[in-house]
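Student: This is the structure, below, for whatever I ask next.
FYI, it's all coordinate maths here, none of it is from the lab. Bear in mind the structure is a predicted one, so any value in this text is a computation, not a measurement. Using ideal geometry, Cβ is built from the backbone for each residue, glycine included, and neighbour counts are taken over all protein chains shown.
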Amino acid sequence: MSEMNVPQRGISRRSFLKATGALAGAAAVAGAATPSLTALAAEDGAAGAGGEVVGYGVCRSNCMQSCRYKAHVRDGKLVKLTPAEYGEDLYRGSCLRGMSYQHRIYSPERIKYPMRRVEGTERGAGEWERISWDEAISDIASHFQAIIDEYGPKAIAFDFGTGNYGEIQGQTGIFNRLGGMLGVSKPAGMNDLSTGYGIDRVLGTGLMYFANEAKSVLDSSHIFIWGSNPVHSTPQNWRWMQRAKEQGTKIITIDPVKSATAHKSDEYFAIKPTTDGYLALAMANYIIENGLQDDDFIAKRSTAAFLVRDDTGMLLHKSAFEAVAEGEDDPVFVWDEAAGAAALHGSAASPALEGRFEVQGIPVTTSYTLLKERLADYTVADAARVCGMDEDDIVYLARELAGAKAASVNISFGMDHYYNGYQSCWAIAILLALTGQVGRDGAGFTGIFLNTALALNTKGLWAAKGFKGMATTFPMTMLHEVVETQQLNGQPYPMKALVSIISNSVSNWPAQNNYLNKIIPNLDFILAMDMEMTDTARHADIVLPTASFYENEDFRKAHNLPYIVHQDKVIEPLYEAKDDVEIAGLIGRALGLADAFPESATFDTYANALLKSEACEKANVTLERLRAEGYIDLTVLPGKPGIVGRAKFPTKSGLAQLYTETPAPRVSYGQDVKARFAKEHLVYYQESAEVSENSEAAKKFPIVFYQEHSRWRTHSQWFNSPLLKELDPKPVFKISAADAAERGIASGDVVEVFNDRGHMVVECVIDPSLPAGVSRMPKGWQRDQFIEGGYQELTYPVHDEWSVAFNFYDTRVDVRKK
Amino acid sequence: MHYGFAIDQQRCIGCHTCAVACKIENNLPDEMWWNRILTDGGAEMDIPAGEFPNSTIEYVPVNCQHCANPACVKVCPVGATYQDPETGIVRQDADKCIGCRMCVAACPYTGVRSFNWEEPQFMLGMDLGDADAPKHQKHTVEKCTMCWHRVAKGEEPACVEACPGRARIWGDLDDPESDVAKLVASRSKKQLLPEKGTNPSVYYLV
Amino acid sequence: MSDINNGVGVIDDDFNPAAAPKAREAAGARAAAWGGKGLAVGIGVSALIAAVGIVLWVMQLSGGMVQTAMRNLDSWGLYITMFMFFVGLSAGGLIISSVPKAFGIRGFGGISKVAVMSSIAATVAAIAFVVVDLGQPLRLWELFAYSNLGSPLMWDIIVLGTYLILSCVYLWAQVQNEKGKVSHTALRVISVVALVCAVLVHSVTAWIFGLQQGREMWHTALLAPWFVSSALVCGTGLVLAVCAGLSRAGYIEFGRDSQVKLAKLLAVFVLVDLYFFGCDLLTEAFPAAGGMEVVAMLTSGPLAPFFWGEIVLCAVAAVICLVPSLRTTPLLVVASVAAILAILCKRVQLLVGGFQLTNLDLAGPVTPATVTGWESGLQGAYTGMVYWPAPIEWGVALGVVALGVMIFLLGVKYLPLRPKQD
């Protein structure tokens, strides 16, 4: 129905590609940067009617949707972006941000030149002097060198953000080479990692690889949208869900607020914030009590039968009784019912799923029995109270899930953003395993699908002779402590400089006042590289202007899509902007790293290094082919959507784990994890730190506050788009009708939202999507856009020591009319 | 031949992508939106009506309805707004418009017409969109052209191409084989303000 | 002045065959010479204000109409309000002057030409209000080159133009008739045509609004007759007030009898106008459906001051005109001014009311071009009156009004508008 038949204007795709290939080759020989398309067109005389050249690119923003765009260039200017095709038409996507990216490129607010904070002015005072690139680089190099000489390279922190997912110019790109060669510190990332960490306990999918491909929902009979809002945050995925709905798939949303997605769903169930884990465990308990579980799945695809030693809490391995050589497989015992004895997994025809046994004097219990005993603690009646739901609804949800032909759970990072996020996601993963709703068509988690098929040669990009690697010894939440005390865990840890790389941490890390008052004033040097004056750039000593997505060449192993996608350089960087390859090279050479960053190295050099891997060879992924074809399909099973655990799960056993033998914290920075170690084997419910009704904060601050991922911005990107500001001009805080009434607040009033950590003064609106006691506001606004303060002042800087993640939503506030 | 739109409100998520595409494609001046996404809900954009948890919200993208019986065409004293006989597209000739705003008053569809209250300003200081995008003139009325410049080249309107939800379907309503005609024939639908007798060429699939 | 006519019942001069040509010429000559320093100052002041108005208009054109308060959702404002109002004002004079002639009955001899002059001045002002409202006045020629004869605005332009010409011809004919150069029959024919045209001009102006199915407030069949009645109210009021003033200045004789007759007419017109208003409100309100919004907006909503203003002013005018003991000249002037202001209130209700109620009142993006009070969002913009004029509009409007006054005063000064009796 929506097939397009749009004749292309301007030069044909074919002739354009020929031009790119030819010139790129020439450029490589000449050792110069790839010329822009405009230059190409001019030389080639290939520009069509109206002088419009069409190049292609992929949006590399952190919405993770990877939409591909046609870039229309006229008179050297990017005048239009239109959605470009992928092999699969429903993967052709777009959004208001991606479509209007040129409003960031040409924004009057764009950072145009290298700038230095005026000597003697405060950081953040907004006094800048324009400097040359030469001056900027030598200034940066001398600061770095002085710090390295006196404190060592770890006293410099590289902060990588998510503003660009290009493989070379982006988050995992060339600055990792610089950081690794210097041996700087890199605070361990903490964004969006609880979901994956929780699910990994069951499915072994690591931190980010838990989701099936978006189109897999067409095979789902039920889609449970659990604590996520794809209508706003991943509309390209919602497109598939909407298609599924049109085919008869039932969409059920479970969310504390009636999200945009809930409004579009067939059914909506409200739940108290952060109690999702309890609900999942109670559903699982009900399912087992009523025999609704998928016994076949449990027997064949889970570790139900694995025997756990009652004495150590470890699984009973072969090595318990005989020596197993280092590196050799150490299989687990199950109880062979037929033989009435323990047998190594795989050797028993029908191992006991349940029961307590003794193996050579060692008392053991099956994983499944232990899990069932744990689940028995979570009754539907209790869940109704804890979650604020009807018992009938919980039973209904349990029966719908267990009885579904194929159910998928769209999860993303809503629950993730709370202290107990990983337990919630872990619990849901257990629930899916018990019902067999994972590892097959239409079943499992959806969210952001990451392609596992193509391993790139990151080492080739990051490392050169003398590579030190970056020290990820402490998580981001601890940076303010380290900077303030110059210590880590009581040991000296000098921290003197911060480099902000496609990042806006001042805005996007929790506890903004810690950042502003403890990090910023206590550093010797702050370097920011950006296109716009973010909260972070405003507080830097030197700001370098960076190239936009369309001002350099790159490619993205597309998140969310089964493709690797190329980005043409369609225009020259505006003003004095430079791309990351060039900037990293300049800084590297200025610091004596000419071997790692030779003058002759171009984008091609690094791109070819990254693509030099076995997987790339097998998939025939080369830079030339990317340039020629625009994108390469990486689908593993032709015609089949990517499904996590289709054949086996990426756990050690290949099975869904009902019992975690060796739980480990996500990041180890010296924290004490002994206390909870024993508890971490089996899924359990933990209350959130602040949002929980039983928390200390709840006594003082009655309203839960979370940052809504709206369509207007991706985190803080697009915060200053003059176009989008016509549609969404200012920050607005959303409050429930009940909370507003209690405080005499009306829509349009200016309110102060506050807690012990900070405040913001902002206009408000009464939002009937919100239950009493919950508030929210679309995130991404910068401090100067508020009347006072900012929302990120309200969040807290602590983390669960196991998941070690940011907990942006685990925040309570109160509100008063200004 | 009579071109028209079907807008699937089940699919529409109110994301404004079509509005942005329109704004850029047609190089619209600052503050002007030919295609606006209205919230059928509470008093503020994106805010639902009703009470938690029974709140409701729908989106109504509204551009010129290209009425089969357009109120604006009748009232224009100089024929600057007129219906193209071949395509049914209601057009607006900026070179002819005397700026009397009679059509603005006549159009029942609040806000689809815009007047250039001053010399058109462009926030990026450069032209965007298609090379053949309409020129914008001070003190004249303008509105959605159904992307006349694209349709003339055999392309579909920019809003249709851009829609991530595939909620906008465009084509010849007179051709029973067209996607748009089939949808209009098979789905339950509504037109905006049918009581005004304008017979819009935009059908909302509900 | 000595030429006070104290006869009871002024015979319309057309019906005075005894009038000597010589006397008429004398009257003409004297009229041309009439006027003291006050009039000269009046002309000078109005010319100055008109000139300032023109300067402001040029500013509006060069700097853009963004300087006005009009925006996309309230795209007409003070100018079109005043256009309606002045079309109405133009009615009274011509109708009062022509009805007696057309039907061959006793009229208001002494004031006939002054009344027509007021019509001419008001018509010029009405046309000027359309012109200052145009975004592209330099394209006015297109009206003749590309006329869309189906457009009520086109009708109005044709009828208004015709009306202006006819008024001039009619005035000229009266003067010529006095000179004996135009026959009574011819004058009578012209008066009939002028009368038809006068009724048309109000109807057509009403149709600019009344034929628009898009606006609840405007879309009523009653609008045309109602415009005629409103025109009669304010036109009669204008004639009464102007004549009282000119009489006081000694320019014309404005007899008691004429005053009473005009007062009675004014009362009738006011009551008819109120009757129409009542009919309309009842029709809107009775189904207790969409129209209730209109009634609520008028009686208790943002337009209530203008609604109740109109009602009270009409009542005052009617009472003064109907109670014989109140019909003193000063009070009749009060009644006239009240009637005129009442109709101005009506015009404001009509114009702003058309925009105050939107068909698609759904929340959406709002920019400075969307609506006058955009800063407070769509809802805020409609809490009070959606439109209120900007300073430049007041200035331009004042200039146009001054232009009308100047034309009238020039007529008074240079044209033989005084009755021929000596």
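Student: If one computes the Cα centroid of region C:178-244 and of region A:518-593, what distance in Å separates the two points?
Tutor: Going from one Cα centre to the other spans 73 Å.
Student: Grab the DSSP H runs of chain C that are 4 residues or longer, score each as -39,500 (n - 2.57), total them, divide by all residues and round the 222 nm result to the nearest 500 deg cm²/dmol.
Tutor: When only DSSP H runs of four or more count, the value is -23500 deg cm²/dmol.
Student: Can you find, among B:206, A:252, C:195, the residue sitting farthest towards the positive end of the charge dipole of the protein assembly as shown, where Lys and Arg contribute +1 and Asp and Glu -1 at Cβ?
Tutor: C:195
Student: How many partner chain Cβ atoms sit within 10 Å of a residue's Cβ in peptide B:48-58, on average, as a whole number?
Tutor: Other-chain Cβ atoms within 10 Å of each residue's Cβ, averaged: 6.
Student: Whole angstrom only: what separates the Cα centroid of region C:64-129 from the Cα centroid of region C:309-387?
Tutor: Using only Cα atoms, the two centres lie 18 Å from each other.
Student: Using Cβ contacts closer than 10 Å as the measure, can you line up A:646, C:248, A:60, C:215 from fewest to most?
Tutor: By the 10 Å Cβ count, ascending: C:248, A:646, C:215, A:60.
Student: Can you list residues whose amide H is under 5 Å from residue A:69's amide H, if they're 5+ apart or on another chain and H is modeled 1.01 Å from N?
Tutor: Amide H neighbours of residue A:69: A:57, A:58, A:59, A:84.
Student: Now, a different point. Compute the projected area of the convex hull of the Cα atoms of chain A, averaged over all viewing directions, and report it in nm² to one decimal place.
Tutor: For chain A, averaging the hull's shadow over all directions gives 34.8 nm².
Student: If I build a Gaussian network model for chain C, linking alpha-carbon pairs within less than 10 angstrom, which residue out of C:296, C:267, C:315 has the largest mean-square fluctuation?
Tutor: Sorting by GNM fluctuation, first place goes to C:296.
Student: What are the ³J(HN,Hα) couplings of region A:530-543, residue after residue, when phi is run through the Karplus curve with 6.51, -1.76, 1.60 and θ = phi - 60°? Round to Hz, x for glycine and proline.
Tutor: Ordered by residue, 3J(HN,Hα) equals 7, 8, 9, 7, 6, 4, 6, 4, 4, 9, 7, 8, 10, 10 Hz.
Student: Let me ask something else. When the chain is fully extended, how far beyond the present Cα-Cα distance does residue A:358 get from residue A:127, taking 0.36 nm per residue of separation?
Tutor: Full extension from residue A:358 to residue A:127 adds 75.7 nm.
Student: Considering the options A:780, A:737, A:803, tell which one lies farthest towards the positive end of the dipole of region A:732-818, charges being +1 on Lys and Arg and -1 on Asp and Glu at the Cβ, about the Cα centre.
Tutor: A:737
Student: Also, quick follow-up: Given the alpha-carbon gyration tensor of region C:78-180, what are the semi-axes of its equivalent ellipsoid in whole angstrom, ordered largest first, with each equal to the square root of 5 times an eigenvalue?
Tutor: The equivalent ellipsoid of region C:78-180 has semi-axes of 29, 14, 12 Å.
Student: Evaluate peptide C:56-68: per residue, the Cβ atoms of other protein chains within 10 Å of its Cβ; return the mean as an integer.
Tutor: Average per residue, whole number: 3.
Student: Next question, about the same structure. Based solely on its DSSP helices, what 222 nm [θ] is calculated for chain B when runs of n ≥ 4 H residues each add -39,500 (n - 2.57) and the sum is averaged over all residues, nearest 500 deg cm²/dmol?
Tutor: -4000 deg cm²/dmol
Student: Separate question: In the protein assembly as shown, what % of DSSP beta bridges are antiparallel (nearest 5)?
Tutor: 60 percent
Student: Hey, could you pull the Cα Rg and Dmax for chain C, both in Å?
Tutor: Cα radius of gyration and Dmax of chain C are 22.0, 74 Å respectively.
Student: Shifting gears a bit: Using +1 on the beta carbon of Lys and Arg, -1 on that of Asp and Glu, and nothing else charged, what's the dipole of the protein assembly as shown about the Cα centre, debye to 20?
Tutor: Dipole size: approximately 5140 debye.
Student: Counting only other chains, and only Cβ atoms inside 10 Å, what mean value do you get across the residues of B:162-174?
Tutor: The per-residue average across the peptide is 4.
Student: Rg and Dmax of region A:195-446, using alpha carbons, in Å: what are they?
Tutor: Over region A:195-446's Cα set, Rg and Dmax evaluate to 19.2, 59 Å.
Student: What three numbers, in Å, describe the spread of the alpha carbons of chain B along their principal axes, ordered from the longest?
Tutor: 49, 38, 32
Student: As an exercise, use a Förster radius of 56 Å and the Cβ-Cβ distance of residue C:147 and residue C:329 to find the FRET efficiency, rounded to the nearest 0.05.
Tutor: 0.75
Student: Next up: Measure of size requested: the Rg and Dmax of region A:571-678, with Cα atoms as the atom set and Å as the unit; please supply both.
Tutor: 22.2, 58
Student: If you don't mind, another one. Nothing charged except the Cβ atoms of Lys and Arg (+1) and of Asp and Glu (-1): what's the magnitude of the dipole of region A:195-446 about its Cα centre? Round to the nearest 20 debye.
Tutor: 920 debye
Student: Please turn the phi angles of region C:376-393 into ³J(HN,Hα) values with the Karplus equation 6.51 cos²θ - 1.76 cosθ + 1.60 (θ = phi - 60°), one per residue in order, whole Hz, x for glycine and proline.
Tutor: Couplings: 8, x, 4, 5, x, 4, 9, 5, x, 5, 5, 10, 8, x, 8, x, 5, 5 Hz.
Student: Could you tell me what % of all Cα pairs in region A:371-513 have separations over 20 Å?
Tutor: Above the 20 Å cut-off, region A:371-513 has 70 percent of its Cα pairs.
Student: Pull up the cross-link candidates among the lysines for residue B:196, meaning alpha carbon to alpha carbon under 17 Å and not fewer than 8 places away within one chain.
Tutor: The reachable lysines, counting only those whose Cα sits under 17 Å from residue B:196, are B:74.
Student: If you don't mind, there's one more thing I want to ask. At a 10 Å Cβ-Cβ cut-off, how would you order A:353, C:398, C:89, fewest neighbours first?
Tutor: C:398, A:353, C:89
Student: Is the C-alpha gyration tensor of region A:311-381 telling us rounded, prolate or oblate? Criteria: a/c under 1.5 is rounded; beyond that, a/b larger than b/c is prolate, otherwise oblate.
Tutor: Cα axes put region A:311-381 in the prolate bin.
Student: Compare the Cα positions of A:105, A:65, A:290 along the charge dipole of the protein assembly as shown (+1 at Cβ of Lys, Arg; -1 at Cβ of Asp, Glu; about the Cα centre) and return the one farthest towards the positive end.
Tutor: Working it through, the farthest residue towards the positive pole turns out to be A:105.
Student: Another question, if that's okay. Quick one: work out the % antiparallel among DSSP beta bridges in region A:696-817, nearest 5.
Tutor: Within region A:696-817, antiparallel bridges account for around 60 percent of the total.
Student: Further question on the same structure: Please work out whether the protein assembly as shown counts as rounded, prolate or oblate from its C-alpha gyration tensor, where a ≥ b ≥ c are the square roots of the eigenvalues and a/c under 1.5 means rounded, while otherwise a/b larger than b/c means prolate and anything else oblate?
Tutor: It comes out prolate by the Cα gyration axes.
Student: While we're looking at this one, here's another question. Going down the table (A:372/A:648; A:264/B:189; A:518/A:578; A:496/A:674; B:96/B:189), which pairs top 25 Å between alpha carbons?
Tutor: Flagged as over cut-off: A:518/A:578; A:496/A:674; B:96/B:189.
Student: Is the shape of region C:49-100 rounded, prolate or oblate, going by the alpha carbon gyration tensor and its root eigenvalues a ≥ b ≥ c, with a/c under 1.5 for rounded and a/b larger than b/c for prolate?
Tutor: Taking the square roots of the gyration eigenvalues as a ≥ b ≥ c, region C:49-100 is oblate.
Student: Oh, and also: Arrange A:232, B:16 by Cβ neighbour counts within 10 Å, fewest through most, would you?
Tutor: A:232, B:16
Student: I want the antiparallel fraction of DSSP beta bridges within region B:3-205, as a percent rounded to 5.
Tutor: 80 percent
Student: Near the amide H of residue B:83, under 5 Å away, which other amide H atoms are found, from residues 5 or more places off or on another chain, if H is placed in the peptide plane?
Tutor: Result for residue B:83 returns B:91.
Student: In debye, nearest 20, what is the charge dipole magnitude of region A:730-818 about its Cα centre with +1 on Lys and Arg Cβ and -1 on Asp and Glu Cβ, if you could check?
Tutor: 260 debye
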